[in-house]
Amino acid sequence: MANVLFVTADEPGSGKTAICLGLMYSLEKMVGKVAYYKPIVRGYHDLDPDVELLRSLYGEADRPPIVRMEEVREALAAGEREALLDRIEAHYSRLAREQEVVVVEGTDLAEAFSVTDVSTVSDINIHLTERLGARVLLVLDGGPDKSPEDIITDAKMSYKYLCNQQHCDLLGVIINKVDREKYDDVNTRVRRELRKAGMEVFGVVPRVPLLGKPRMDEVAEALGAKVLYGEEYLSNIAMHTIVAAMWVRNMLTYVDEETLIITPGDRDDILLAAACIFLSRRFPRLAGLVLTGGLYPHENVWRLIEGIPGIHLPILSVEEDTYTTVSQINEIRPAIRVDDEKKLSLVRELVDRYIDEKRLYQTLQIRKTRRLTAQDFLNRVVERAASDRKHIVFPEGDEPRTLRAVEKISARGIAEVTLLGEEERIYERARELGVKLDGIGVIDPARADLDEFAEKFYELRKHKGLTLEQARDYVMDPIYYGTMMVYTGQADGLVSGAAHSTAHTIRPALQIIKPKPGISVVSSVFFMCLLDRVVLFGDCAIVPDPTAEQLADIALTSAETALSFGIEPYVAMLSYATGSSAEGGSVEKVRRATEIVKERNPDLPVEGPIQFDAAYDQEVARIKLPESQIAGKTTVFIFPDLDSGNIAYKAVQRSAGAIAIGPILQGLRKPVNDLSRGCSVEDIFYVTAITVVQAQEG
């Protein structure tokens, strides 16, 4: 039987759905099967945006029908409450049949009081919890209009109703949307007062303005607007709204980041100013324009706007006057949508940071049953990177995939980012792609002061006959310049290779950063994210034909890499033979490398020579090496040479649909990582997160 968490709130607008979303994300990391169910919805539409969001994110195959509040009113008025509850329970039972946990989003307590028969309607939540065997989590609105005393009063009233009158099984409360200036008071005094009143507080979540701001597609929908331009940019979020009824020179004073400008449609000057704002690097980006009054810009002005490349700005037109339009926009209740990467990321971060998930799930008696999947591993790496951001430099600053990736990296708070390259070219390419470079540094090595880097590089390489003038030429190259940034501590790591060869990326690192003490060879691993596990393949990118000593180094550093990312290292030294089943030069090299690994780290579980099937599959392992401690459960696969390693990772990646993250360089004093020239935006994102974690490890 599923463990049921019933989430309700004291009043509308409390952020209950965002809390459900965050809990679903958290629970998905804990248990194998978790589902979301919202039995009663507002409105008259066939689709509820909250339900569709959660279903899209968590892929529920069984989509139970929704019941509208109007249907609830009609059923109660006709004395058919039990039939209504039977219907909802049947929907729930089909959904919950194979689930470990179900998060049920109930109606708001205050929302139910909006109809005539207060007692009966407000009891719907209670009867549902009884029918479903659920425990209740109450979300309290701690918004800007609520004082700490208001929050305490609301909580006690809800507790009296839920527990004293209805004998509900109240698990505890989460206080949501608390203003920063009163956060400490709520988190201490209010928490203490509620505990005295018998309410466990599982979290106090601050108010974040972004979550309450509409996207431009929501603005267009609410206004019934016609999209004149930029339909593909309707995902822009309107963080601020201004009415442009003054001269342009005065309006510019009020332009802030992601501003929505509302102005009569015949204000050609405002439209032209908006185009200039977008092209200028001295002003923040706009979210969009709404042209009111059914008026349109002059055709010459419009032709001019349409001819400017790269204006990623939705322009809407409405028939209503400006005052009515502003009023309608103020009535929008923004919803989080499945492609709202910023909002989704923020919700996850808020739950991770401000809700005591461990205590909540212990109280619910939910135990971790989920095995580590590829996505779990990647999510964990991203969370770890975001917990202690490091400065990562990208020498391929105008490369399109890199630009798209760094926008996402910056938005998710994974790293502080610096792009290298021709400044004008980088900003021009970003405008063409619709990429926002807010908070991202840009350095053009050709225009930078090269004296410090040139002198340091000269000192490092003068024994090779390098002159100071040659050193200046070298460090003007973005990859050498970026490597010098890492070497001098001006950056913590470097990611490159989307447009350059592996040699171009690695050579400066070997010349400047150099291997760690005791490491004879710099090597690489790929994190191979399979359906049910994450393993490491090494070396697949750097060392063509390692000696036995180098192969041992690769195994030892790969084991360290695995351990630093929370993967228990069980090392397989791969060969075409298992144990003593064959002889030959390659087998002997692997056998000798295995002996060296055991000598240098006697506690490390390692086996070699061993074939891949025996290392990977437990059934084969029982036949070929029944006494082995690693056979069948290997997490680190060491290939005998670059041919076999490179072929294997690409074969698994392409034929088995595995995600291959890498190559991740290991053995350097500071992290530098190479990308495949066929990499995706996601590859760059995750390699950067791994680079940040490497920098955290020091």
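Computed from the coordinates by the stated procedures, all read-outs in this text should not be read as laboratory data. These numbers were taken from a predicted model, which means no experiment stands behind them. Methodologically, a virtual Cβ is constructed for each residue, glycine included, from the backbone with ideal geometry; neighbour enumeration extends over all protein chains shown.
Per 0.36 nm of contour for each residue apart, how much would the distance between residue 221 and residue 272 grow if the chain were fully extended, relative to their Cα-Cα spacing?
Contour length minus the Cα-Cα distance gives 15.9 nm.
Please compute the length gained on full extension between residue 93 and residue 520, using 0.36 nm multiplied by the number of residues separating them and subtracting their Cα-Cα distance.
147.6 nm
Return the loop-located chymotrypsin sites (Phe, Trp or Tyr not before Pro) in the range 361-447 (DSSP other than H, G, I, E, B) with at most 10 other Cβ atoms within 10 Å of their own Cβ; answer none if there are none.
none
222 nm [θ] for the chain, helices only, -39500 (n - 2.57) per DSSP H run of 4+, per residue, to 500?
Taking each H run of at least 4 residues, the total per residue is -13000 deg cm²/dmol.
Order by neighbour count: 573, 484, fewest other Cβ atoms within 10 Å first, most last.
Result, fewest neighbours first: 484, 573.
Once both labels are modelled 7 Å past Cα along the beta-carbon direction, what's the residue 231-residue 283 spacing in nm?
Distance between label points: 2.7 nm.
Evaluate E = 1/(1 + (r/R0)^6) for residue 499 and residue 160, where r is the Cβ-Cβ distance and R0 equals 45 Å; express this FRET efficiency to the nearest 0.05.
0.10
Determine, from the Cβ-Cβ distance of residue 257 and residue 341 and an R0 of 25 Å, the FRET efficiency 1/(1 + (r/R0)^6), rounded to the nearest 0.05.
Plugging the Cβ-Cβ distance into 1/(1 + (r/R0)^6) gives 0.90.
Please report 603, 613 as a ranked list, fewest other C-beta atoms within 10 angstrom at the top and most at the bottom.
By the 10 Å Cβ count, ascending: 603, 613.
Shape verdict for the range 411-556, please, from the Cα gyration tensor: rounded (a/c under 1.5), prolate (a/b greater than b/c) or oblate.
Note, shape of the range 411-556 comes out oblate.
Under 1.5 on a/c is rounded, so check that first for the range 188-300, then, if it is not, pick prolate when a/b is larger than b/c and oblate when it is not; a ≥ b ≥ c are the square roots of the alpha carbon gyration tensor eigenvalues.
prolate
Taking 0.36 nm per intervening residue step and subtracting the Cα-Cα distance, what contour gain separates residue 530 from residue 150 on full extension?
131.7 nm
Rounded, prolate or oblate: pick one for the range 523-667, where a ≥ b ≥ c are the square roots of the eigenvalues of its C-alpha gyration tensor, a/c under 1.5 means rounded, and failing that, prolate if a/b is larger than b/c, else oblate.
Here the range 523-667 falls in the rounded category.
Output the antiparallel fraction of DSSP beta bridges having both residues in the chain, as a percent to the nearest 5.
Given both bridge residues lie in the chain, the antiparallel proportion sits at roughly 20 percent.
For 532, 268, 50, which order do you get if you count the other beta carbons within 10 Å of each Cβ and list the fewest first?
532, 268, 50
Between residue 56 and residue 647, what is the label-point separation in nm under the 7 Å Cα-to-beta-carbon projection?
With each label point 7 Å from Cα toward Cβ, the separation is 4.4 nm.
Quick check: pseudo-label points 7 Å beyond the Cα along Cα→Cβ at residue 367 and residue 42, how many nm apart are they?
4.1 nm
With a cap of 16 neighbouring Cβ atoms within 10 Å, and only residues DSSP puts in a loop, list the GluC sites (Glu not before Pro) found in the range 560-629.
Counting only loop positions with at most 16 other Cβ atoms within 10 Å, the GluC sites (Glu not before Pro) in the range 560-629 are 583, 627.
Once you list every other residue whose beta carbon is under 10 Å from the beta carbon of residue 390, what net charge do they have if Lys and Arg are +1 and Asp and Glu are -1?
That works out to -2.
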